[in-house]
Amino acid sequence: MRVTRAEPVLVHAAGDVPAADEYYFLSNLDQNVAVLMKTVHVFSPSRARDDAAAVIMDALGRVLVHYYPFQGSLVVSADDGRLSVRNDRRGVPFVVADADCELKEVGDVVLSAPDAAAVQEQLVFVGRSNSEEKEDDELGAPLLSVQVTRFRCGGFVLGLAMNHCLADGVAAAEFLRSWAEMARGVPLSSPPFLDRTVLRARTSPTVAFPHEEFAEMEDVSGLAGLREEPRVHRAFAIDADRLARLKRQACACSTFVALTAFVWRATSRAMRMRPEQKSKLMFAVDGRWRVDPPLPRGFCGNAVVFACCVSTAGDLLGGPVSAAARWIQDAIRRTADAFIRSAIDYVEVAGGRAPSMTATTLVTAWNRLGFHAADFGWGEAAQSGPAELPRGEVVMFMRDVRDGSIVVLLGLPRSCMQEFQDMVDLI
């Protein structure tokens with residue numbers, strides 16, 4: 001596949017935006033996730049899509065009236081080192097592109113084979129900062145970039161590069177649905193709540209929990225050497241029968257808990273961790289309804305905190321899946337208002353310290369976010385999901401809408417992937 005891109009056009013809010021301060025506040029939950037979240041949304045051929053790019057661009061201008069920070073730029077304060085958004089209304093780069101083939105020739109661009117990266121890279125445009133010296137620096141770069149790639153068959157792919165500090169998965173999916181509602185000419189079903197000060201650290205920060213998610217795990221297994229290996233990315237489909245077996249092994253817990261327990265054990269074994277090596281599991285928990293009071297409907301931002309479990313590899317791999325599942329369930333129960341407020345205060349006290357990733361597996365579940373449900377006027381997306389994993393330790397759960405299976409997306413050093421495959425085969 002070869003894609004030819006037109007020059008980017010800057011899209012601005014098509015109307016008056018609410019009066020805003022020069023800088024838009026980002027909470028402590030936004031501070032540590034200033035990485036690009038790249039997604040692709042595949043729309044199959046249809047007669048109604050000849051002007052899809054124009055419809056999507058026009059709707060973007062109208063939705064930016066409600067999501068005005070998305071057209072700003074990321075800056076860091078010289079006073080305290082905090083990230084914030086400058087409301088400079090620089091606009092959102094929008095690119096129209098054409099592919100030299102039909103969609104069916106590309107195959108599954110979301111839940112795909114190892115060579116998918118080369119395809120996905122052509123489907124997502126990444127806007128750069130104005131300074132050439134900062135080409136790889138997120139500061140000054142657009143917070144959102146859009147590409148619509150038209151295929152010869154009439155289908156197209158909507159590719160997005162959004163800075164994660166703007167939105168977690170829930171908020172990003174709501175933004176996409178709001179954008180689609182603008183395209184269809186209907187009122188927003190869930191207008192965004194933009195005031196992130198509701199997650200501001202307390203006046204007297206109080207760290208009431210250990211917060212092992214930030215703790216550094218000593219590398220006693222030579223894991224650093226594995227980073228020099230090429231990483232191999234794979235997608236593993238776990239069908240209903242395998243999920244049922246995993247849930248039985250994990251003793252009647254949820255699908256998420258059972259699959260996460262399996263993945264934690266499988267990655268620890270695949271990375272050849274020594275028995276005394278401490279292995280850390282982190283997984284994203286939506287705090288919207290866990291804080292007291294709950295966040296307002298339509299909260300636009302990062303409301304996700306990382307629940308954490310730590311075990312020696314010996315205990316983790318020597319015990320049953322059900323033991324790991326119980327540790328995960330305990331961590332979920334701990335993730336209530338007190339823990340979330342403590343995590344926010346921890347970042348405040350620690351000066352924005354990011355979680356350590358040594359000997360860590362980080363699980364994030366996208367199978368319930370509903371990205372594919374955004375209807376711009378020609379039906380839901382045939383496929384929708386990440387164009388890449390944001391970092392090596394991330395394991396992502398996706399739902400294959402064709403058969404309902406859960407797809408586990410991950411990358412591992414080349415010498416480790418076969419061991420993970422073997423454990424999947426044993427389910």
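Rule-based calculations on the coordinates, nothing more; no lab input. As the structure is a prediction and not an experimental result, all values here were calculated from the model. Heads up, the Cβs are rebuilt from the backbone with ideal geometry, glycines too, and the neighbour counts pull from every protein chain shown.
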query = Put +1 on the Cβ of every Lys and Arg and -1 on every Asp and Glu Cβ in the chain; which of Val170, Leu226, Pro18 then has its Cα farthest towards the positive end of the dipole?
reply = Val170
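If you place +1 on the Cβ of every Lys and Arg, -1 on the Cβ of every Asp and Glu, and leave all else neutral, what size is the dipole of the chain about its Cα centre, to the nearest 20 Debye?
On the way: 46 positive and 54 negative charges, 221 e Å.
Dipole of the chain, to the nearest 20 debye: 1060 debye.
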Residue-wise HN-Hα coupling along the range 318-327, computed from phi with Karplus coefficients 6.51, -1.76, 1.60 (Hz; x: Gly, Pro) = x, x, x, 4, 4, 5, 4, 4, 5, 4
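Treating only the Cβ of Lys, Arg, Asp and Glu as charged (+1, +1, -1, -1), what charge dipole size does the range 3-194 show about its Cα centre? Round to the nearest 20 debye. Walk me through the numbers on the way to the answer.
Working: 16 positive and 27 negative charges, 134 e Å.
Dipole size: approximately 640 debye.
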request  = Just check the range 63-108 against the gyration tensor rule for me: Cα atoms, a ≥ b ≥ c as the square roots of the eigenvalues, rounded for a/c under 1.5, and otherwise prolate or oblate depending on whether a/b exceeds b/c.
outcome  = prolate
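Below 13 angstrom from the Cβ of Arg177, what's the summed charge of the other residues (Lys, Arg +1; Asp, Glu -1)? Write down the numbers at each step before the final one.
On the way: positive: Arg184; negative: Glu174, Glu181, Asp375, Glu380.
So the surrounding residues net to -3.
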query = Among Leu199, Ile344, Ala250, whose Cα lies farthest out toward the positive end of the dipole of the range 192-349, if unit charges sit on the beta carbon of Lys, Arg (+1) and Asp, Glu (-1)?
reply = Ala250
task = Could you work out the local net charge near Asp239, counting Lys and Arg as +1, Asp and Glu as -1, over the other residues with Cβ closer than 14 Å to its Cβ?
result = +1
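Rounded to the nearest 20 Debye, what is the dipole magnitude of the range 225-355 about its Cα centre when Lys and Arg each give +1 and Asp and Glu each give -1 at the C-beta? Display every interim value, and only then the final one.
Values: 21 positive and 12 negative charges, 73 e Å.
Taking the Cα centre of the range 225-355 as origin, the dipole is about 340 debye.
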query = Ranked by Cβ crowding within 10 angstrom, fewest neighbours first, how are Val92, Val106 ordered?
reply = Val106, Val92
message = With 10 angstrom as the radius, rank Lys104, Lys280, Lys38 by how many other C-beta atoms surround their C-beta, starting from the fewest.
response = Lys104, Lys38, Lys280
request  = Could you tell me what percent of the DSSP beta bridges with both partners in the chain are antiparallel, to the nearest 5?
outcome  = 80
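Near Gly319, within a Cβ-to-Cβ distance under 14 Å, what is the net charge of the other residues, with Lys and Arg +1 and Asp and Glu -1? Mind showing how you got there, number by number?
Numbers: positive: Arg265, Arg269, Arg326; negative: Asp315.
Charge balance in the 14 Å sphere: +2.
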inquiry  = Along the charge dipole of the chain, pointing to its positive end and built from +1/-1 on Cβ of Lys, Arg, Asp and Glu, which listed residue (Val55, Cys309, Leu74) has its Cα farthest out?
reply    = Cys309
query = Could you give the nm distance between label points at Glu7 and Thr358, where each point is 7 Å from its Cα heading toward the beta carbon?
reply = 5.0
